[in-house]
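See structure below.
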Amino acid sequence: MKEIRKIRKMRKMRLRMIIAFFMFNIVFDILLAPFIIFWGPFEATKTLAVGSVLSSRHPQVVKAFLSDGEISEIVNKYDNTDSASNGPIRRTVSDASAGITIEDIKGKAFKGKVMLVKDPKRIKVAVTKELEVTGERVSDFVKDTGAVAGINGGGFYDPNGAGNGAFPDGLTVHNGEIVHNNVGNKNTDIVALDKEGNLIVGQITADDVKKKNIQEAVSFLPTLIQNGKKGVFQDSAWGVAPRTAIGQKADGTIILVVIDGRQATWSWGAKMSDLYNLFKDYDAVNAANLDGGSSTELFYNEKVINKLWNWAGERYLPTGIVVMPE
């Protein structure tokens with residue numbers, strides 16, 4: 001019996017040692033991973049990680065390992081802001097009766113979709129029904145408003161730390177009325193549509209909403225193109241990430257863009273210069289970036305038609321931009 005107990009005791013000790021060994025290696029690998037990613041020889045992994053973390057809520061992680069110069073060099077390695085976008089643009093869905101065309105887009109390191117809407121007055125801002133309580137998914141915005149399509153909208157802040165997309169940041173306007181304002185009458189970056197369906201980008205104040213006949217608006221940045229001129233932005237400040245953006249052609253056609261990202265085997269994501277070049281290819285006269293990252297989504301025909309980065313599915317957001325029926 002003593003021998004049996006001794007054997008059992010040795011087996012338990014051996015099992016504990018194996019478990020401790022594996023636990024040590026897991027913890028060691030977690031601690032070592034950032035050093036391998038940011039200081040290791042794997043340039044593709046480093047570029048993807050830098051771009052993703054820079055555009056996340058914790059950009060300080062990158063800055064703890066790399067200098068500003070190193071970050072800028074990595075992010076801008078493939079910059080070419082004055083040339084056309086790389087890669088073909090293929091039309092995969094066309095619905096002329098609904099005034100909507102959807103195209104697949106492919107750049108050097110990203111894939112995504114573009115939705116062209118002929119009538120700009122079909123574009124509306126959707127706001128969560130429980131403002132300052134909880135957000136909604138883009139699919140909810142589309143269904144609630146009776147829209148045919150939708151993308152995520154402006155930025156948001158989180159004063160209570162709930163992380164549920166309840167508070168839109170900046171100015172939010174719907175049907176000509178300011179429904180949320182946390183910036184007072186200070187200048188804020190805006191993505192708006194006036195009564196005539198003209199896309200307005202750049203900075204405005206709350207007082208400008210009535211003066212400029214703005215009907216729908218959310219806040220985000222940067223401006224990519226304003227009145228045909230390139231906006232002010234730096235790739236190094238924004239990194240590489242999933243993107244959502246909006247633009248308009250001279251004939252009024254609205255250009256909705258979603259670019260997948262943070263998926264190494266599918267699409268890394270886009271820089272601001274990629275978005276700028278893309279809108280140039282589409283002859284946009286005005287264009288602006290919207291909230292991206294895990295918020296990036298295009299919902300159409302009762303389903304999400306891009307590849308979400310968020311493993312949990314659709315994100316809860318305070319605002320969306322929807323396309324109403326003709």
Q. Within the stretch 165-195, can you find the residues that are assigned to a loop (DSSP other than H, G, I, E, B) and either within 16 Å of Pro318 (Cβ to Cβ) or free of Cβ contacts under 8 Å to residues at least 24 places away in the same chain (or both)?
A. Gly165, Ala166, Asp169, Gly170, Asn182, Val183, Gly184, Asn185, Lys186, Asn187, Lys195
Q: Output the number of the condition that Thr265 fails; it satisfies all remaining conditions of (1) touching a Gly at 6+ places or on another chain (Cβ under 6 Å); (2) free of Cβ contacts under 8 Å to residues at least 12 places away in the same chain.
A: (1)
Q: Please specify each residue of the stretch 132-147 satisfying the condition of being assigned to a loop (DSSP other than H, G, I, E, B) and open to solvent by 50 Å² or more (accessible area, probe 1.4 Å).
A: Glu132, Val133, Arg137
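Consider Gly247 carefully, then state whether it is touching a helix residue (DSSP H, G or I) at 6+ places or on another chain (Cβ under 9 Å), small (Gly, Ala, Ser), open to solvent by less than 10 Å² (accessible area, probe 1.4 Å) and free of Cβ contacts under 8 Å to residues at least 60 places away in the same chain. Before you say what the answer is, go through the steps one by one.
Numbers: touching a helix residue (DSSP H, G or I) at 6+ places or on another chain (Cβ under 9 Å): yes; small (Gly, Ala, Ser): yes; open to solvent by less than 10 Å² (accessible area, probe 1.4 Å): yes; free of Cβ contacts under 8 Å to residues at least 60 places away in the same chain: yes.
Taking the combined requirement at face value, the residue satisfies it.
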Q | Cβ-Cβ under 9 Å pairs, at least 6 apart or on other chains, the stretch 293-307 side over 13 Å from Asn152 (Cα atoms) and in contact (Cβ under 8 Å) with a residue 40 or more places away in the chain, far side hydroxyl-bearing (Ser, Thr, Tyr) and part of a loop (DSSP other than H, G, I, E, B) | A | none
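With Asn213, Asn310, Asn306 as the choices, which residue is surrounded by fewer than 24 Cβ atoms within 10 Å (Cβ to Cβ) and on the phi > 0 side of the Ramachandran plot? Spell out how you get there, then give the answer.
Working: Asn310 fails: on the phi > 0 side of the Ramachandran plot; Asn306 fails: on the phi > 0 side of the Ramachandran plot.
Of the residues listed, the single one that is surrounded by fewer than 24 Cβ atoms within 10 Å (Cβ to Cβ) and on the phi > 0 side of the Ramachandran plot is Asn213.
The values are calculated or read from the model by the stated rules, or taken from the named source; none is laboratory data. As the structure is a computational prediction, the values presented were derived from the model and not from experiment. Every residue, glycine among them, receives a Cβ derived from its backbone with ideal geometry; neighbour counts consider all protein chains shown. Ligands, DNA and RNA are stripped out before the accessible areas are found, and what is left, the full protein with its side chains, is counted by its heavy atoms. Shrake-Rupley method; radii C 1.70, N 1.55, O 1.52, S 1.80 Å.
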